[in-house]
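Trainee: Following this message is one structure expressed as structure tokens.
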């Protein structure tokens, strides 16, 4: 590998970095922004899911040289063109635009975008030719120009532009102050006196104390408190001494600054060991003259120079945490001498109350306030990361009072504070944070006991065989041990009888240490073996008797057993195998959950998601035609995944129906699943959606209920009457009734379309509707992903605050218990996206199981019965080609069952870990794409041999496009051939008994326990998430894999070795599947008509939804009602107001 020299910029270059709107793929941009910073650039990083307007406004406010974007979720053409247009419209066309999106952006599109005005889009082939540093060098060199001169709007003086808060003028003046200060003094100093009376709030504190989150929460409250006032923020971060680069990262944590009344500017110190830039005074002066009602100055908080802020602010706030060390450390903190107010943030940490007392005492001492009660010291416990935190409310109120007292601000605040101290709304009670290590201890204890019991059983077998040898008889086994009387009766020789008596006595003594349950295993072993040799095996599932043939016949007329048992004779071997392995369907379920696989239903899932609901419905019918089981797996477009409605705005418009199906309301869900009987036991629906999962689940449930209402209507001859009612309803609404667009596909009977635009309760008597509803939701089968912990750790489609998102999950599960929803999984605890983000198989499994146990602990803390919610949990893993993937299912089942039974006391149904496998998307390469099917086949073989409950095989062309019908059919054929044609797959426990499989199982299980202990050390899953432990580990493992792939040490055929004569270039798709203009326009029209026709009803339901949320009531029942008349975007916006918005992490 040739080392590329790093480019050294001549000017101070500033670049805004982000991932595009509704795009959670931030791994690439995170790597890029690190290299950009290390190359000496000041980077303003916005993170994932950023609209064009947000990025452009940020670039103008920050007076950036360039914008660097990644776009992996489609819609890139509209996104980048809109960015060019908006920069031009806002007078900032000098800002360069760079982008990349792997193979998602086609070469023809790259040319089109660059012709339109984008500076450069980097392709995968550019990456291979130039390398990462080469691409960064190219980008920075093109962006290396001095800050332009100040250009005022036509006919305006500087003061006019400033008073109009012209962002370009403000931003450019601050840049000139930083880069050409003499020029700035000439331009601005004559005006400096005009900004005298504007108050400045200075905020400083230690690194990692949560200053950005605190600022965000204070700004949010200020904007709500004063609907017409404006606010400006200057945020200072340190420059790197070695490179001169800086990470200006405060914007990523701030949600409230997305407001036209807020201006924010990030400054780098451009000098070492100082908390402030030497030009901060000039920047603050510009903002004061511009007439902002309040200026907030936040420093980098590097410690010793915090007091600098006092020279520039009227009121100062010092933010610290309870983790400052020994009480004597407080005496060393200079800011306690000077701060007007102190926020003790992260007040949920251990020892916070003691810390609050000690800081108040120190403040009292430092300020000589001996006559004042310690309770009156201006030190407040806050949890800024918690939505509507009482401590932050109190802090805001006190700061406004201080500003009024110390300046001429005269803010007439109407903000109400309860005066309460911050109190953490714990998801996991503090006394339960060791739950993962408790599971580790429990499971290791089980294995240790199993080995001890094995040794006892082995001794007993030795004595038994000795008796058999000495007495020349086969001793009879009975419930209490050996049939001693019968044995002694058969012995004729007196000496032998004496020896036999001694042996029997020793047998009884040793057996006292054997668990009676384990003796039963030994006693019944031969009977168990025989039951699998019999022609038919009978067992019960929910009181229903199932009879299964135990053998299949090969073409050679050999009877192939479906379940093979070991040929062990020694009791210790039999016992250990039974305790740690066992047959499928018996604890600990290592080899499978059920005695035999379901007949007539392969684990195949039919995966689809593209365009509007009609197109995806057609794809579902195409891939399931002729198959008895309809196992539909739904991918949603990114607009839906982020809880938004389709819209004409270009950066949204381009994403509608791309890389997934657009579903924004109940009618869309009805059309999507039309023609499939959703209550049929052979139908199940999986929905891959997380942030807005409760809304999508409500759409699905209502669609299912209305299908059953339709059956009732047709059965009772009510069709004409109901159609007349619907026509009347739509005449009154004054909008067009929704319709299925285009012809129905083969296999679609039209079921589910009669009640488009209405719900069953509008046209049927209430008692009829309620009866149908109750019966329907107890029958539907399927899964909604809804795994918010995984989203925060890996995939980034979080939309609500983590606490609120978890509360919604709990509300759904409580509803399921109350309404007897037994066949639908309330969550699919997903390792797949953890693996796709870069985790190795051990981390994938450990993090996923840890997340699963976190949900168990949370639901238990809400008072739910584990036997009622346990069966509603399901799992979802990725399968790669690594050796650990051969045992991922068996290890997961084993760990889960041991913990649920012995730690939590759950019943057999709750002990069963049900999981879906999807073959690895990461292993699909854009080079030699035909080879992808080979990898997928091997991964599918792993999954089927390991007894997965359902399986999705990826299409070979997914590396370069949305899969075509031909490639999807090939992908499904992979697993159908394995299941239907591969002889060994007729056996249902083919990997049991393999030495390497047993060894791998033990190695992986122990590795998981070690990871559990590491997570416990960080305060459990949620504590580890606060320090971004999981995310960091995933990124490290991803980088390790990419490095080995890049340098060739990890061989990938057709990618870095065994290349074709042409060098295996990136393959371009022959067919690119994108949503059509007609589909996009129709989806926008659907939302417009829905909102217009249901305006008053929607308002009423949203009000009720908010009230229930504020009163901490379960909101899912009300959400079911709201989803009948509201769009997904309406509900998302409403819940933001009561539950808070997700705050991104760096």
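Trainee: For the stretch 756-906, what is the convex hull volume of the alpha-carbon atoms per residue, in Å³? Walk me through the numbers before you get to the answer.
Mentor: On the way: hull volume 21.4 nm³, N = 151.
So the per-residue hull volume is 142 Å³.
Trainee: Evaluated at 37 °C with a viscosity of 0.692 mPa s, what Stokes-Einstein diffusion coefficient in µm²/s does the stretch 631-771 have when Rh comes from the Kirkwood expression over alpha-carbon pairs? Please report the intermediate quantities before stating the final value.
Mentor: On the way: Rh = 16.2 Å.
For these conditions, the coefficient is 202 µm²/s.
Trainee: Specify the angular offset, from 0 to 90 degrees and rounded to the nearest 10, of the alpha carbon long axis of helix 124-143 from the longest principal axis of the alpha carbons in the chain.
Mentor: The answer is roughly 20 degrees.
Trainee: For the stretch 196-406, take the alpha-carbon Rg, divide it by the Kirkwood Rh, and send me Rg/Rh. Before the final figure, lay out the partial values.
Mentor: Working: Rg = 16.4 Å, Rh = 17.3 Å.
Value, to two decimals: 0.95.
Trainee: On to the next question. Is the stretch 31-81 best put as rounded, prolate or oblate by its Cα gyration tensor, with a ≥ b ≥ c the root eigenvalues, rounded for a/c under 1.5, and otherwise prolate when a/b is larger than b/c, oblate when not? List each step's numbers first, then the result.
Mentor: Working: a/c = 2.26, a/b = 1.37, b/c = 1.65.
In terms of gyration-tensor shape, oblate.
Trainee: State the percent of C-alpha pairs, over all pairs in the stretch 785-1058, separated by a distance greater than 27 angstrom. Walk me through the numbers before you get to the answer.
Mentor: Working: 15328 of 37401 pairs.
In whole percent, the share of Cα-Cα pairs in the stretch 785-1058 beyond 27 Å is 41.
Trainee: Still on this structure, please answer the following. When N counts the residues of the stretch 583-670, how does its alpha-carbon radius of gyration compare numerically with 2.2 N^0.38 Å, as a ratio? All intermediate terms of the calculation are to be shown ahead of the outcome.
Mentor: Values: Rg = 18.0 Å, N = 88, 2.2 N^0.38 = 12.1 Å.
The reported ratio for this selection is 1.49.
Trainee: Suppose each label sits 7 Å from its Cα in the direction of the beta carbon; what would the residue 354-residue 499 distance come out to in nanometres?
Mentor: 7.0 nm
Trainee: Still on this structure, please answer the following. Round to a whole angstrom and tell me the spacing of the C-alpha centers of the stretch 879-941 and the stretch 85-150.
Mentor: Taking the Cα centre of each part, the stretch 879-941 and the stretch 85-150 sit 40 Å apart.
Trainee: In whole Å, what is the distance between the alpha-carbon centres of the stretch 816-846 and the stretch 295-358?
Mentor: 41 Å
Trainee: Which shape class applies to the stretch 1-51: rounded if a/c is under 1.5, otherwise prolate when a/b exceeds b/c and oblate if not, where a ≥ b ≥ c are the square roots of the Cα gyration tensor eigenvalues? Please report the intermediate quantities before stating the final value.
Mentor: Working: a/c = 3.86, a/b = 1.59, b/c = 2.43.
Because a/c hits 1.5 or more and a/b fails to exceed b/c, the stretch 1-51 counts as oblate.
Trainee: What list of whole percents do you get for P(r) of the stretch 327-446, with Cα-Cα distances grouped in 10 Å bins up to the one holding the largest distance?
Mentor: Computed distribution, short to long bins: 12, 33, 30, 14, 7, 4, 1, 0.
Trainee: Report D for the stretch 14-143 in µm² per second (integer): Stokes-Einstein, Kirkwood Rh on Cα pairs, 25 °C, 0.890 mPa s.
Mentor: Working: Rh = 14.2 Å.
Estimated via Stokes-Einstein, D reaches 172 µm²/s.
Trainee: Please state the relative contact order of the stretch 271-375 as a whole percent: Cα pairs under 8 Å, 6+ residues apart? Each step should come with its number before you reach the end.
Mentor: Working: 94 pairs, mean separation 22.9, N = 105.
The normalised contact order for the stretch 271-375 reaches 22 percent.
Trainee: Within 10 Å of each residue's Cβ, count the other Cβ atoms and sort 1096, 591 from fewest upward.
Mentor: Values: 1096 9, 591 24.
If I rank by nearby Cβ atoms, fewest first, I get 1096, 591.
Trainee: Tell me, in nm to one decimal, what length is gained between residue 969 and residue 111 on full extension, where the rule is 0.36 nm per residue of separation less the Cα-Cα distance? Mind dumping the intermediate values first?
Mentor: Working: separation 858, 0.36 × 858 = 308.88 nm, distance 3.29 nm.
Between residue 969 and residue 111, full extension yields an extra 305.6 nm.
Trainee: Residues of the stretch 1109-1146 with backbone nitrogen within less than 18 Å of a virtual label 7 Å along the Cα-to-Cβ line of residue 1088, please, listed as ranges.
Mentor: Only 1127-1130 pass the distance filter.
Trainee: Return P(r) of the stretch 436-513 (all Cα-Cα pairs; 10 Å bins starting at 0; whole %; ordered from short to long distances).
Mentor: Result returned by the calculation: 17, 42, 20, 12, 7, 2.
Trainee: What is the distance, in nm, between label points placed 7 Å from the Cα along the Cα-to-Cβ direction at residue 193 and at residue 861?
Mentor: About 6.0 nm separates the two model spin labels.
Trainee: How high is the relative contact order of the chain? Use alpha-carbon pairs under 8 Å, at least six apart in sequence, and give a whole percent. Could you put the intermediate results ahead of the total?
Mentor: Working: 2090 pairs, mean separation 119.8, N = 1146.
Once divided by the residue count of the chain, the mean separation gives 10 percent.
Trainee: Using the number of other C-beta atoms within 10 angstrom as an exposure proxy, rank 1132, 634 with the fewest first.
Mentor: Working: 1132 20, 634 28.
Ordered from fewest to most neighbouring Cβ atoms within 10 Å, 1132, 634 come out as 1132, 634.
Trainee: Also, I was wondering about something else. Take each of the peptides 311-321, 540-550, average the number of other beta-carbon atoms within 10 Å over its residues, and list them starting from the highest. Mind showing how you got there, number by number?
Mentor: On the way: 311-321: 22.4, 540-550: 10.5.
Packing proxy ranking, top to bottom: 311-321, 540-550.
Trainee: Wrap a convex hull around the Cα atoms of the stretch 435-580, take a quarter of its surface area, and give that in square nanometres.
Mentor: Details: hull surface 52.6 nm².
Approximately 13.1 nm², given one-decimal rounding.
Trainee: Related question: Based on the Cβ-Cβ distance of residue 85 and residue 156, what FRET efficiency does E = 1/(1 + (r/R0)^6) give at R0 = 22 Å, to the nearest 0.05?
Mentor: 0.40
Trainee: For the chain, what Kirkwood radius comes out of the mean inverse Cα-Cα distance, in Å? Write out the running numbers ahead of the final one.
Mentor: Numbers: mean 1/r = 0.0305 Å⁻¹.
For the chain, the Kirkwood estimate is 32.8 Å.
Trainee: Now for a different question. What fraction of the Cα pairs in the stretch 303-373, stated in percent, has a spacing above 17 angstrom? Let's see the in-between values first.
Mentor: Numbers: 1064 of 2485 pairs.
The calculated P(r) of the stretch 303-373 puts 43 percent of pairs beyond 17 Å.
Trainee: Taking 60 Å as R0, compute the FRET efficiency from the Cβ-Cβ separation of residue 1100 and residue 746 and round it to 0.05. Let's see the in-between values first.
Mentor: Values: r = 42 Å, r/R0 = 0.70.
The calculated FRET efficiency here is 0.90.
Trainee: Over the stretch 634-684, what number does the Rg to Rh ratio reach, with both radii from the alpha-carbon atoms and Rh per Kirkwood? List each step's numbers first, then the result.
Mentor: Working: Rg = 12.9 Å, Rh = 12.0 Å.
That ratio is 1.08, to two decimals.
Trainee: What translational D, rounded to a whole number of µm²/s, comes out for the stretch 136-208 from Stokes-Einstein when the hydrodynamic radius is the Kirkwood one over Cα pairs, at 4 °C and 1.567 mPa s? Before the final figure, lay out the partial values.
Mentor: On the way: Rh = 14.8 Å.
Rounded to a whole number, D works out at 87 µm²/s.
Trainee: From zero up to wherever the largest Cα-Cα distance of the stretch 225-304 sits, split into 5 Å bins and tell me the percent of pairs in each.
Mentor: 3, 15, 24, 21, 18, 10, 5, 2, 0
Trainee: Sort 780, 768 so the one with the fewest other Cβ atoms within 10 Å of its own Cβ comes first.
Mentor: Numbers: 780 22, 768 15.
So the residues, fewest neighbours to most, are 768, 780.
Trainee: Which of the peptides 24-32, 662-670, 137-145, 605-613 is most tightly packed, and how do the rest follow, judged by the mean count of other Cβ atoms within 10 Å per residue?
Mentor: Values: 24-32: 21.3, 662-670: 28.6, 137-145: 18.7, 605-613: 24.7.
Going by the mean number of other Cβ atoms within 10 Å, highest first, we get 662-670, 605-613, 24-32, 137-145.
Trainee: Here is a further query. For n ≥ 4 DSSP H runs only, could you compute -39500 (n - 2.57) per run for the chain, divide by its residues and tell me the 222 nm figure to the nearest 500?
Mentor: Working: 42 runs with 519 residues, N = 1146.
After summing the helix terms and dividing by the residues of the chain, the value is -14000 deg cm²/dmol.
Trainee: Find the centroid of the Cα atoms in the stretch 1010-1082 and in the stretch 51-68, then give the distance between the two in whole Å.
Mentor: Between the Cα centres of the stretch 1010-1082 and the stretch 51-68 lies a distance of 28 Å.
Trainee: Among 921-933, 370-382, what's the highest-first ranking by average C-beta atoms within 10 angstrom per residue?
Mentor: Details: 921-933: 19.7, 370-382: 15.9.
Sorting 921-933, 370-382 by mean packing, highest first, produces 921-933, 370-382.
Read the figures in this text as sums done on the coordinates, not as results from a lab. Please read these numbers as outputs of a predicted model, since none were measured by experiment. So basically every Cβ, Gly included, is an ideal-geometry build from the backbone, and we count neighbours across all protein chains shown.
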